[in-house]
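A short worksheet on the structure shown next.
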Amino acid sequence: ASADAFEVLRLIAGKRLRRGRLTVIDATSVQRESRRSLLALAAQDRSPAVAIVLNLPVETCLGRLQARPDRLVGPQVVEKQAADLVDGLPGLADEGFERVYVLYNKEDIDSAQVLRGDSAP
């Protein structure tokens, strides 16, 4: 995505956070640097940041990529993202996230629920 797209994302996310709204950012963000500005945005409004990581096997990701002919992403991009995720996952909890949830397979993803406040485990 372009720098302009991320600028708009940060603008909208910031407005939602200032209003105390649930704000979900769906992005790969597999590198620490790509998460830093998003964590700062949450901290600025004293909002908790939660990471939900889809740590699927690279073969699963490549299979899903092939099933989406509208995507113009080469397999090498997916393989690089998977490698970056593996490298960054051990230190993720130390970056400032209130919680980190890692989902490892389709069953984990399909059964996951997002609960806010006192109803969260």
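The values are calculated or read from the model by the stated rules, or taken from the named source; none is laboratory data. Owing to the predicted nature of the structure, the values given are computational and were not obtained by experimental measurement. When we count neighbours, we look across all protein chains shown, and the Cβ atoms used for this are built from the backbone with ideal geometry, even at glycine. Remember, those area values only see protein heavy atoms, side chains included, never the ligands or the DNA or RNA. Shrake-Rupley method; radii C 1.70, N 1.55, O 1.52, S 1.80 Å.
Quantify, in whole percent, the carbon and sulfur part of the accessible surface of the chain (1.4 Å probe; protein heavy atoms only). Could you put the intermediate results ahead of the total?
Details: 4800 of 8990 Å².
About 53 percent, which is the carbon plus sulfur part of the accessible surface.
With r as the distance between the Cβ atoms of Ala83 and Arg116 and R0 = 25 Å, compute the FRET efficiency 1/(1 + (r/R0)^6) and round to 0.05.
Result of the calculation: an efficiency of 0.15.
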In debye to the nearest 20, the charge dipole size for region 44-84, taken about the Cα centre with +1 at each Lys and Arg Cβ and -1 at each Asp and Glu Cβ, equals 80 debye
Label model pair Asp45, Ala5: point-to-point distance (7 angstrom along the Cα→beta-carbon line) in nm is 2.2 nm
GNM on the chain, Cα springs under 10 Å; top mean-square fluctuation among Arg19, Arg36, Arg71 goes to Arg71
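Leu92: net charge of surrounding residues, Cβ under 15 Å, Lys/Arg +1, Asp/Glu -1, itself excluded?
Numbers: positive: Arg32, Arg35, Arg36, Arg99; negative: Glu33, Asp84, Asp87, Asp94, Glu95, Glu98.
Net charge around Leu92: -2.
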In region 34-121, taking the dipole from +1 charges on Lys and Arg beta carbons and -1 charges on Asp and Glu beta carbons about the Cα centre, the listed residue (Ala112, Asn55, Pro75) farthest towards the positive end is Pro75
Of the candidate values (i) 23, 16, 13; (ii) 72, 13, 9; (iii) 25, 18, 15, the one computed for semi-axes √(5λ) of the Cα gyration tensor in Å from this structure is (iii)
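Mind checking the per residue accessible area of region 31-121 for me, 1.4 Å probe, whole number of Å²?
Values: 6640 Å² over 91 residues.
Accessible area per residue, region 31-121: 73 Å².
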If R0 = 25 Å, then Leu72 and Ile52, at their Cβ-Cβ distance, give a FRET efficiency to the nearest 0.05 of 0.45
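Evaluate the charge dipole of the chain about its Cα centre and quote only its size in Debye, nearest 20, assuming +1 on the Cβ of each Lys and Arg and -1 on the Cβ of each Asp and Glu. Walk me through the numbers before you get to the answer.
On the way: 17 positive and 17 negative charges, 121 e Å.
Dipole magnitude for the chain comes out near 580 debye.
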